[in-house]
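Read-outs throughout are calculated quantities, based only on the coordinates presented, and are distinct from any laboratory measurement. Just so it is clear, the structure is predicted and the values come from calculations on it, not from any experiment. Methodologically, a virtual Cβ is constructed for each residue, glycine included, from the backbone with ideal geometry; neighbour enumeration extends over all protein chains shown.
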Amino acid sequence: AYSRLHTDHILVVVGKLGWNYQPILDRVKKEHLENRVLFTGYVPDKHLPAFYACATTLVYPSFAEGFGIPVLEALQAGCPVITSNTSCLPEVGGNAALYVNPNDTEQIARAMQKVLNSPTTRAEMKQKGVLHAQRFSWKKCAQETLKAYHDSMRA
């Protein structure tokens, strides 16, 4: 999707190279994007907020997720999010994210272009994201889990 954009933005791919990365590396080379795509390798969790704070958008076209922590972290940091319309991601992103079919590179590219080209869109997404992220906390999760245990014991 990134190769279809007309932008000066650099794509930063955060995280260690995992399975099935070679086709991505080959595509970057084939498209002559070596100077526009940066692979960071592993980044400790404590440094991730700095990446979110500096990013124009998080693009997270995942096929399957247990929860989608990166989406929530980005929203908390005020980073606009583009993510998949599958799995749990619409629940995590709520009304704050743009949703795409992770198999549709054209749709992903259009969403990226929309966010990159519109300061108004980014500002709206940032505001909605910070508000939406406040719905999630470890304390709230623990309280709801405890309530579920109590409810099941009464049943």
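A compact table of results
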{"item": "Longest site-free stretch - the chain; sites: chymotrypsin sites (Phe, Trp or Tyr not before Pro), DSSP loop, at most 10 other Cβ within 10 Å", "result": "64-155"}
{"item": "Sequence of T40, T121 once ranked by neighbouring C-beta atoms within 10 Å, starting from the fewest", "result": "T40, T121"}
{"item": "Dipole magnitude of the chain about its Cα centre (Cβ charges: Lys, Arg +1; Asp, Glu -1), debye to nearest 20", "result": "240"}
{"item": "Net charge of neighbours whose Cβ lies under 15 Å from the Cβ of V100, counting Lys and Arg as +1 and Asp and Glu as -1", "result": "0"}
{"item": "Tally of Lys pairs whose C-alpha atoms are under 25 Å apart, taken over segment 2-154, 8 or more apart or cross-chain", "result": "14"}
{"item": "10 Å Cβ shell holding at most 13 others, DSSP loop, GluC sites (Glu not before Pro): longest site-free stretch of the chain", "result": "35-155"}
{"item": "Among (i) -0.27, -0.67, -0.78, -1.53; (ii) -0.44, -0.93, -1.01, -1.28; (iii) -0.33, -0.74, -0.84, -1.52, the entry derived from the coordinates for log10 I(q)/I(0) by the Debye sum over Cα atoms at q = 0.09, 0.14, 0.15, 0.21 Å⁻¹", "result": "(iii)"}
{"item": "Unit charges at the beta carbon, dipole of the chain: most positive-side option, L89, Q127, Q22", "result": "Q127"}
{"item": "In segment 84-155, trypsin sites (Lys or Arg not before Pro) in a DSSP loop with at most 13 other beta-carbon atoms within 10 Å", "result": "R135"}
{"item": "Distance between segment 1-62 and segment 65-100 - C-alpha centres, whole angstrom", "result": "17"}
{"item": "Helical segments meeting 20 Å axial Cα length and Kyte-Doolittle -1.0 threshold in the chain (DSSP H)", "result": "119-133"}
